[in-house]
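Step one of this worksheet: look at the structure below.
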Amino acid sequence: QMWEEAIALGKELAEQYENEMFDYEQLSELLRKQAQFYENIVKVIRPKPDYFAVGYYGQGFPTFIRNKVFIYRGKEYERREDFEARLLTQFPNAEKMKTTSPPGEDIKNSSGQYIQCFTVKPKLDLPSKFHRPVSEQIVSFYRVNEVQRFEYSRPVRKGEKNPDNEFANMWIERTIYVTAYKLPGILRWFEVKSVFMVEISPLENAIETMQLTNDKINNMVQQHLNDPNLPINPLSMLLNGIVDPAVMGGFTNYEKAFFTEKYMHEHPEDHDKIEKLKDLIAWQIPFLAEGIRIHGEKVTEALRPFHERMEACFRQLKDKVEKQYGVRAVLSSLDDRRGSRPRSMVRSFTMPSSSRPLSVASVSSISSDSTPSRPGSDGFVLEPLLPKKMHSRSQDKLDKDDLDKDKKEKKKEKRNSKHQEIFDKEFKSTDISLQQSEAVILSETISPLRPQRPKSQVINVISSERRFSVSPSPPSSQVTPPPITPRTKLSFSMQSNLELNGMSSSDIPDVPPPLPLKGSMADYGNLMESQDLVSPTTSPPAHQRVSP
């Protein structure tokens, strides 16, 4: 179940599959395994093995273990008694030592065999990649794996014994063991290379105990938030032992020992530590509140009286702590700490296009016409543009005047809705439906002097001194186009008016028609589909039509 190590090896193997062997089938299978490993890390609860310090003292042992200390990694759910029994089977003549203090020279130099065994606690050493707080389910692996430092704490009494409060003079003698290599490794046990000892004062011990208690509550709360199917019994025992401490008395013992005027007068250097202890006591309340809330949601009817009593005790404790040490607040769930997509982005993806505000884009830079602004902000919407362009130029001019008037009267945020209303009104009044129109074929043009026109519209032929125009109604005897603002003649150009009018090369017959009579140098590009074209509505003969 050391999936973190499997993922690291899998990444090395994936590099070979992807860039050396190009075996994508094996790569896909490997990546699926890695995905399952990541899921297991988050969802599967793994057992935490214990670590044991074993000392072999006496001249009766082999030289490679004589008078040395080793750290062993126990099996899953293996107790110290079971480990000792397994160890003594290898040395049936050895004698088990009763104390955990280092032996004297008489035992080390004796001819017998003495084995000292006790449980040690691994020290967490997080990798550097975890530069911010992460889930406890991820960190829990590194609490018992990839560890090299271990500690053993032994209480020591100093000064006069206080029968009312044993915490006032209880010091901690902590021994730190550093192994030659990290555990687990190629072996389940490694030799201790260095040992040093530190002393923890009673106040520092109280601070450390409160910190560990708060972490334990918070970790269990996070586990229940991540997995609602966890059993409730461990949470019940933890909360009840803190809220209703019938035996130990809880942090009240710390208040009696360290929050008195006598202690502050005798130890003025501990003022900052006392404030830190008070802060930890205050922070315990929101952790307990979240735990009791979860307990109330999952408790059964049989345990309802037990939960109600726990709530009553918690209310009394909360009133007392908040009155003396202040109020603290934490996030109620993991969702509050997770990054979410910005609201504007969510809105842009979830709103239907009919209810989104339409953007207004100016087309004055690509056309000499003053046409109304183009509606639609969802991409290239070709359908609304077709009926829009089949209006006459005079109608477009009136629409522009109306829009200019509205822009002066209304505020900036109301412009889009006005443009939408004008577009809907014009769209409904159009006689030609979208279903009857042929598809618009987009083609790349050399010059964007004039907007593209659909193939379904008919080209009006006028005199050589005038340009083509588009008529909004199909057959008609009307040859005079709508009024167009005259433009200065262009110099000689190789561009084709077929391209300027939106016609693709597929609309031109295989045999090019002869050139019409030209009136001036600027009309070289005015090509017609047939010399026999008399009226604007005359279509070419059937044998000359070419399917696109």
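Odds and ends about this structure:
- Selection of first residues in the stretch 102-118 that are closer than 12 Å to residue 91 by Cβ and open to solvent by less than 30 Å² (accessible area, probe 1.4 Å) and of second residues that are part of a loop (DSSP other than H, G, I, E, B) and of a type outside the set (Asp, Glu), restricted to Cβ pairs under 6 Å at least 6 apart or on distinct chains, gives the following pairs, ordered by first then second residue: 112/58; 112/60; 115/94.
- A count restricted to the stretch 69-91 and to residues that are modelled with pLDDT under 95, touching a strand residue (DSSP E or B) at 6+ places or on another chain (Cβ under 8 Å) and either over 13 Å from residue 118 (Cβ atoms) or among the aliphatic types (A, V, I, L, M) (or both) stands at 3.
- Residue check for residue 29: assigned to a helix (DSSP H, G or I), of a type outside the set (A, V, I, L, M) and within 21 Å of residue 140 (Cβ to Cβ): no
- Residue match in the stretch 90-107 (condition: farther than 29 Å from residue 68 by Cβ and in a loop (DSSP other than H, G, I, E, B)): no
- Test: residue in the stretch 240-254 that is touching a residue at least 60 places away in the same chain (Cβ under 8 Å) and closer than 15 Å to residue 318 by Cβ: yes
- Scan of the stretch 37-72 for residues that are open to solvent by less than 90 Å² (accessible area, probe 1.4 Å), out of contact with any helix residue (DSSP H, G or I) (no Cβ under 6 Å at 6 or more places or on another chain) and in a helix (DSSP H, G or I), ordered by number: 39
- Inspection of the stretch 162-179 identifies at least one residue that is among the charged types (D, E, K, R) and at pLDDT 90 or above.
- Those residues of the stretch 278-313 which are closer than 20 Å to residue 329 by Cα, over 35 Å from the mean Cα position of the chain (by Cα) and open to solvent by less than 20 Å² (accessible area, probe 1.4 Å), in sequence order: none
- Only residues that are touching a residue at least 60 places away in the same chain (Cβ under 8 Å) and not acidic (Asp, Glu) were counted across the stretch 163-197, and they come to 12.
- For the criterion of being surrounded by 15 or more Cβ atoms within 10 Å (Cβ to Cβ) and of a type in the set (Gly, Ala, Ser), residue 140 passes.
- Taken over the stretch 185-226, the criterion of being within 26 Å of residue 75 (Cα to Cα) and either open to solvent by less than 40 Å² (accessible area, probe 1.4 Å) or in the same structural domain as residue 287 (by the TED database) (or both) is satisfied by 190, 192, 212, 215, 216, 219, 220, 223.
- Against the list (1) surrounded by 15 or more Cβ atoms within 10 Å (Cβ to Cβ); (2) under 27 Å from residue 44 (Cβ atoms); (3) modelled with pLDDT of 85 or more, the condition residue 152 fails is (2).
The values are calculated or read from the model by the stated rules, or taken from the named source; none is laboratory data. Given the structure is predicted, the values throughout are model-derived calculations rather than measurements. All Cβ positions, glycine included, derive from the backbone under ideal geometry; neighbour counts span all protein chains shown. Calculation scope for accessible area: heavy atoms of the full protein, side chains included, ligands and nucleic acids excluded. Shrake-Rupley method; radii C 1.70, N 1.55, O 1.52, S 1.80 Å.
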